[in-house]
Amino acid sequence: MKKIQMVDLQSQYDRIKDKINKSVIGVMQDATFINGPTVKSFQNNLEAYLNVKHVIPCANGTDALQIAMMALDLKPGDEVITTNFTFAATVEVIALLNLKPVLVDVDLNTFNIDVNKLEKVITSKTKAIVPVHLFGQSANMEKIMLIAKEFNLFVIEDNAQAIGAEYQFKSGLKLKTGTIGDIGTTSFFPSKNLGCFGDGGALFTNNDRLAKKIRGIVNHGMYERYHHDVVGVNSRLDSVQAAVLNAKLPHLNSYNKSRQSSARKYTEALKSCNEIKTPTFSNGCKVICQNCHCHVFHQYTIRILSGRRNELANFLSDLKIPFGIYYPIPLHKQNAYKNEDYKDQDFKNTNTLCDEVISLPMHSELTDDQIDYISSKINKFLT
Ligand SMILES: *Cc1c(COP(=O)(O)O)cnc(C)c1O
């Protein structure tokens, strides 16, 4: 059996090595390292893939969130609602811009923002909602868009973990996550579903005015050379990363399909153990579908219901089976973000999940024998 890794980027590279090498060498030969034609072609390719009018590449997924908030002219003191159970980047940029992060508990089953708790936290200062499509599955965008419309709020989708996922509305309309709200953001960090070989990120929007604004902000607030009309940042995707992404994008659907197939096998192997809660689906999907992209499994995350999560983690460490605990501490308890506005009893589900979740190895190169081995060890330990 091949060595089990949380993410196997070597094997993924090996399979399309020639394409990636050719693409990267092309950039070196042309010496078009910054804002060259490769970045432009990646932008066009991603627009076509997502079926969105504008993709604006930038330096990383955290910058993308910050730039989105700058483009929406959010002002110090404005309130931005997001989930308590996510990577800290989301609240970090809210705080950096002197906006006020308002945290909402998550749904125990989907790990995504609990839309039933959303309206309660809206005030006259609320300006935006930032749903995070956690672990590869869309938040409840139908409800979020309705609430946003009713209260006149912007929606920024943090799509860093769900590129390629789709959301189906009750009308039957299917849209790629990240293209539903006013702005979507993503990260091309190497371990994401579409990763480059360093840092990278992008913003998506169907709004021409916002797209123009964002293109200026990523480039020092310049709309005309050496005319600085707004305060901007320097946030670029470099051409070498765009070359890698151009070679990998045509494989994204098949990467996501292998993740789904591995998730199906894990669930099949683990579902009979009473102490384990395998992932559930929003979006009307009851099972992991063969032909849909409702969940693209950035992580395969299970809950250990018996209070033995940490014991299981130690057991897996002893066996050298990698795992992740995403996330061990809720944002409202983090030293950087805690304050008296957050009441622990408002975050019951987040607190529970931080104690129960464990993510198993998940990537496009996982093999059946690896999944069998991991699952049988876990089953044996828990029963
Ligand atoms: C990875 C990630 C980010 C940040 O992306 P970087 O490219 O590392 O800055 C933001 N939000 C979520 C939910 C992420 O998973």
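The values are calculated or read from the model by the stated rules, or taken from the named source; none is laboratory data. The model shown is predicted, which means the values in this text are computed figures rather than measured ones. In this analysis, Cβ positions are derived from the backbone assuming ideal geometry, glycine residues included, and neighbour counts consider all displayed protein chains.
Of note:
- Candidates 337, 326, filtered to the one that is surrounded by 13 or more Cβ atoms within 10 Å (Cβ to Cβ), in contact with a helix residue (DSSP H, G or I) (Cβ under 7 Å, 6 or more places away or on another chain) and either in a loop (DSSP other than H, G, I, E, B) or modelled with pLDDT under 95 (or both): 337
- Pairs linking a residue in segment 153-174 that is within 14 Å of residue 68 (Cβ to Cβ) and touching a residue at least 24 places away in the same chain (Cβ under 8 Å) to a residue that is part of a strand (DSSP E or B) and of a type in the set (D, E, K, R), with Cβ atoms under 7 Å and 6 or more positions apart or on different chains, are 153/127; 154/127.
- Of the set (1) crowded, with 23+ Cβ neighbours inside 10 Å; (2) more than 10 Å from the ligand (Cβ to nearest atom), all apply to residue 188 but (2).
- Within segment 49-63, residues that are touching a residue at least 60 places away in the same chain (Cβ under 8 Å) and basic (Lys, Arg) sit with their Cβ atoms under 9 Å from residues that are part of a strand (DSSP E or B) and more than 16 Å from the ligand (Cβ to nearest atom), at 6+ positions apart or across chains, in these pairs: 53/205.
- Those helices (runs of 4 or more DSSP H) of segment 202-318 in which 2 or more residues are among the hydroxyl-bearing types (Ser, Thr, Tyr) and touching a residue at least 24 places away in the same chain (Cβ under 8 Å) occupy 252-270.
- Looking only at residues of segment 54-103 that are within 11 Å of the ligand (Cβ to nearest atom) and in a strand (DSSP E or B), we find that the one that is surrounded by the most Cβ atoms within 10 Å (Cβ to Cβ) is 58.
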